[in-house]
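In what follows, a single structure is set out as structure tokens and then discussed.
The values are calculated or read from the model by the stated rules, or taken from the named source; none is laboratory data. Note that the structure is a prediction, hence the values are computed from the model and not measured. Neighbour counts run over all protein chains shown; Cβ positions are idealised from the backbone, glycine included. The area values use the complete protein model at the heavy-atom level, side chains included, leaving out ligands, DNA and RNA. Shrake-Rupley method; radii C 1.70, N 1.55, O 1.52, S 1.80 Å.
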Amino acid sequence: RRQQRMTISLELRKAKKDEQVLKRRNINDVSPEPASEKPTKGVSLSLDEIIKGMNSSDPVVCFQATQAARKMLSRERNPPLNSFVEAGLIPRLVEFLKSSLHPYLQFEAAWALTNIASGTPEQTQAVVEAGAILPLIDLLSSPHMTVCEQAVWALGNIAGDGPKLRDIVISSNAIPHLLTLVSSTIPITFLRNITWTLSNLCRNKNPYPCKEAVRQMLPVLSYLLRHHDSEILSDTCWALSYLTDGCNERIGQVVNTGVLPRLVDLMTSSELNVLTPSLRTMGNVVTGTDYQTQLAISAGLLSVLPQLLKHPKTSIQKEAAWTLSNIAAGPHQHIQQLIAFNMLPPLVDLLKNGEFKVQKEAVWTVANFATGATVDQLFVLVHSGVLGPLLPLLSAPDVRTVLIILDVLSYILQTAEKLGEKESLCLLIEELGGIDRIEALQLHENRQISQAALNIIEKHFGEVSDFQEERCPSLLVACLCS
């Protein structure tokens with residue numbers, strides 16, 4: 001059966017999470033030029049001096065105080081975000097966003113708000129409650145690119161806080177303004193920030209972003225997927241992975257854009273920050289309908305999956321095996337394509353040599369393959385040598401994995417019995433040490449496991465010692481020995 005992704009894979013997400021933490025705060029102390037004339041350079045001020053200066057009626061004094069505030073909030077370690085919230089400075093910073101005659105002041109205020117919004121949910125909420133979203137969206141139309149870019153960054157932090165604030169940004173009509181900024185002529189750093197913000201607008205699924213917002217963003221995401229920059233590709237792929245992590249209709253919205261062949265191409269990337277989310281997205285697609293899964297196969301998914309099952313990163317192996325298990329949960333036509341693309345040898349290798357978390361996904365693949373296969377396909381599975389590494393996993397500490405393996409063995413034995421091939425299969429299992437392992441499980445502390453093991457022994461191995469020494473070659477034996 002197909003396994004929808006119910007929980008976040010912590011290992012796969014860790015790299016992305018760390019990257020986002022670094023991106024959320026702007027700590028680069030480079031003062032750009034949003035206007036032709038640069039005002040008086042700010043000086044280092046105390047918090048009390050900043051409060052006094054920001055409340056001045058002199059724009060130059062306000063600028064100096066706001067720049068000092070921004071620098072204080074841009075410290076790499078322990079910026080005093082909460083002190084600024086408690087001092088009541090956020091509403092004043094929001095007011096400065098509206099000072100169109102003073103673009104430097106707008107820029108410094110937007111930067112300061114960006115960093116406050118990078119903090120705790122309460123600090124981000126304080127920025128929103130002060131009314132920052134609409135002025136920030138207005139700044140997306142600023143003639144000064146650096147002001148505009150900083151507003152994009154601030155909105156990205158707000159949207160990335162969670163579904164509630166994300167939806168407030170969406171309902172404030174930010175998306176059309178963001179999309180008009182995307183072009184081939186803007187600086188790469190600016191385009192990276194836009195892509196990252198769009199990615200945050202796709203994040204979270206309780207609830208998902210509204211369908212209209214997704215419809216608006218998908219054409220631009222498809223465009224960005226053709227870019228050469230790895231950061232842009234990474235955030236675009238993560239955006240698509242968020243959008244496909246759901247029901248078949250959500251998956252269909254992405255699939256219908258025609259992005260699957262490009263995603264398959266990106267799965268061959270040597271850069272992990274691109275490979276990981278592109279694989280994640282394709283893995284999500286094959287949790288969908290049989291038709292959606294076939295589109296993924298037709299896009300070339302099975303041509304790149306074998307190498308990913310052998311990837312040096314365990315996290316990639318695990319994700320690739322999970323993807324494979326969902327393809328194997330499809331009809332026998334999909335299973336036949338797994339055979340045609342030679343997916344069984346790397347699967348057997350994972351069962352034999354993979355880390356346990358990878359082996360668990362491989363076990364699911366075997367289970368789905370076995371229960372959906374035709375008789376001929378089941379023979380191919382057994383002939384691939386899958387039982388050799390599968391049987392030792394009966395000693396695994398994970399109850400669910402052991403139960404799945406017992407179910408697989410029971411199903412294969414029942415099928416062999418119907419075909420008059422059970423004796424040969426029982427002997428193979430005995431030669432591989434499987435009977436001893438199954439018998440030992442009769443004493444397992446888990447009642448489901450002990451009962452399943454007992455049923456297999458009683459039904460299929462009760463007379464194993466009475467098998468005749470000389471037997472006529474059977475179809476299964478011929479298959480196994482060929």
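Seen against the Cα atoms of the chain and their longest principal axis, helix 188-202 is set at about 60 degrees.
Between helix 10-24 and the chain, what is the angle of the helix's C-alpha long axis to the longest principal axis, kept within 0 to 90° and rounded to the nearest 10? Relative to the chain, helix 10-24 is tipped by roughly 10 degrees.
Exposure here means at most 13 other Cβ atoms within 10 Å; with GluC sites (Glu not before Pro) in a DSSP loop as sites, the longest stretch of the chain lacking them is 77-270.
Short to long, the 10 Å bins of the Cα pair-distance histogram for segment 279-427 hold 12, 44, 35, 9, 0 percent of all pairs. Computed from the C-beta positions of K310 and I27 and an R0 of 35 Å, the FRET efficiency is 0.35 to the nearest 0.05. Carbon-plus-sulfur accessible fraction, the chain (probe radius 1.4 Å, protein heavy atoms only): 52%. Cα centroids of segment 352-366 and segment 380-429: 15 Å apart. Annotation for I457 and Q377: the two label points, set 7 Å from Cα along the Cα-Cβ direction, are 3.4 nm apart. Where only DSSP H runs of four or more residues are counted, the chain gives -20500 deg cm²/dmol as its mean residue ellipticity at 222 nm, each run worth -39500 (n - 2.57). Normalised by 2.2 N^0.38 Å, with N the number of residues, the alpha-carbon radius of gyration of segment 389-433 equals 1.21. Taking a sphere under 15 Å around the Cβ of L441 and counting the other residues whose Cβ falls inside, with K and R at +1 and D and E at -1, yields a net charge of -2. Placing a pseudo-label 7 Å from each Cα along the Cα-to-Cβ vector at I339 and Q448 gives an inter-label distance of 3.1 nm. Ranked by solvent-accessible area (1.4 Å probe, protein heavy atoms only, all chains present), the residues T189, T114 order from largest to smallest as T189, T114.
Near L139, within a Cβ-to-Cβ distance under 14 Å, what is the net charge of the other residues, with Lys and Arg +1 and Asp and Glu -1?
Overall, the nearby charge balance is -3.
Going by a ≥ b ≥ c, the root eigenvalues of the Cα gyration tensor, does segment 370-460 fall in the rounded group (a/c under 1.5), the prolate group (a/b larger than b/c) or the oblate group? Prolate is the answer for segment 370-460, as a/c is 1.5 or above and a/b outweighs b/c. Ignoring aspartates and glutamates fewer than eight residues from K459 along the same chain, the ones with Cα atoms less than 17 angstrom from its Cα are D407, E417, E421, E423, E430, D436, E439. Residues within the reach of a label modelled at E86 (point 7 angstrom out along Cα to beta-carbon, backbone nitrogen below 14 Å), restricted to segment 44-71, are 47-48.
How big, in percent, is the set of alpha carbon pairs in segment 195-297 lying more than 15 Å apart? Above the 15 Å cut-off, segment 195-297 has 55 percent of its Cα pairs. The orientation-averaged projection of the convex hull spanning the C-alpha atoms of the chain amounts to 25.7 square nanometres. Please compute the contact order of the chain in relative form: average sequence separation of alpha-carbon pairs under 8 Å and at least six residues apart, divided by the residue count, as a percent. It rounds to 9 percent for the chain. Compared with the dominant principal axis of the Cα atoms in the chain, helix 145-159 is inclined by about 50°. Maximal additional length on extending the N173-Y223 stretch stands at 15.9 nm, based on 0.36 nm per residue less the C-alpha distance. Taking Lys and Arg as +1 and Asp and Glu as -1, the other residues whose beta-carbon sits under 15 Å from that of P392 total -4.
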